[in-house]
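Here it is: the structure, laid out below.
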């Protein structure tokens, strides 16, 4: 490298030469910072999502490359969060890609002291069987006053805060059709 090339690489010389006396533009960039690229540059698709942590419902942009989540950021188009995320929402990529994420159904039997793995079909079958049995054992055809009730008070449903209106509507309709009257959502608690 020549002396003039060496001298031209100094930040002070670049500031004066490029008309950037406060070093707020090109003069402040080194070769290393010029080579930096955003993490979202190589994503081949962007999915719109909602943060799974609380009832606020901050919108997220999920960047995906080759089927893998590469980055999660706030969605600037959201009227709720305007592109901002709290620390939990900003770290939600680990919720998807973290090494402690469980990929199998875990079950601990009553009075058991160890978890066992179940297939998804077996776990879903256990849930359905318990739901149907509880409903049958606790069904009230009439209230204490003799009015038609057609309900069970032995089952309740607590929905998650990140469900949208359509999902909540469908859950409410399903629970009502099954005679479950204790239906609530985490967003109201």
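The values are calculated or read from the model by the stated rules, or taken from the named source; none is laboratory data. Keep in mind that this is a model prediction, so the values were computed, not measured. Quick reminder, even Gly has a Cβ in these numbers, built from the backbone with ideal geometry, and neighbours come from all protein chains shown.
Among the listed residues 59, 55, which satisfies the condition of being modelled with pLDDT under 80, outside the structural domain of residue 164 (by TED's automatic domain parsing) and either more than 23 Å from residue 163 (Cβ to Cβ) or surrounded by 12 or more Cβ atoms within 10 Å (Cβ to Cβ) (or both)?
The match here is 55.
If you go through region 140-170 one residue at a time, how many are modelled with pLDDT under 90, over 19 Å from the mean Cα position of the chain (by Cα) and assigned to a helix (DSSP H, G or I)?
1
Here is a list of conditions, (1) assigned to a helix (DSSP H, G or I); (2) within 30 Å of residue 56 (Cβ to Cβ); (3) not assigned by TED's automatic domain parsing to the domain that holds residue 67, and residue 106 meets all of them except one; can you say which number that is?
Evaluating residue 106 over (1) assigned to a helix (DSSP H, G or I); (2) within 30 Å of residue 56 (Cβ to Cβ); (3) not assigned by TED's automatic domain parsing to the domain that holds residue 67 leaves (1) as the failure.
Since residue 77 meets every condition but one in (1) at pLDDT 90 or above; (2) in the same structural domain as residue 175 (by TED's automatic domain parsing); (3) loosely packed, with under 12 Cβ neighbours inside 10 Å, which condition does it not meet?
With (1) at pLDDT 90 or above; (2) in the same structural domain as residue 175 (by TED's automatic domain parsing); (3) loosely packed, with under 12 Cβ neighbours inside 10 Å applied to residue 77, the lone miss is (2).
Starting from residues that are touching a strand residue (DSSP E or B) at 6+ places or on another chain (Cβ under 8 Å) and either at pLDDT 90 or above or assigned to a loop (DSSP other than H, G, I, E, B) (or both), keep the ones in region 80-90 and report whichever is farthest from residue 43 (Cα to Cα).
Checked region 80-90; the qualifying residue farthest from residue 43 (Cα to Cα) is 80.
Hey, among the residues in region 38-52 that are under 15 Å from residue 97 (Cβ atoms) and over 17 Å from the mean Cα position of the chain (by Cα), which one's surrounded by the fewest Cβ atoms within 10 Å (Cβ to Cβ)?
Of everything passing the filter in region 38-52, 39 is surrounded by the fewest Cβ atoms within 10 Å (Cβ to Cβ).
Determine if region 19-42 includes at least one residue that is at pLDDT 85 or above, in a loop (DSSP other than H, G, I, E, B), on the phi > 0 side of the Ramachandran plot and outside the structural domain of residue 122 (by TED's automatic domain parsing).
For region 19-42, residues at pLDDT 85 or above, in a loop (DSSP other than H, G, I, E, B), on the phi > 0 side of the Ramachandran plot and outside the structural domain of residue 122 (by TED's automatic domain parsing): absent.
Restricting to region 80-92, name every residue that is over 24 Å from residue 158 (Cβ atoms) and surrounded by fewer than 17 Cβ atoms within 10 Å (Cβ to Cβ).
82, 83, 84, 87, 90, 91
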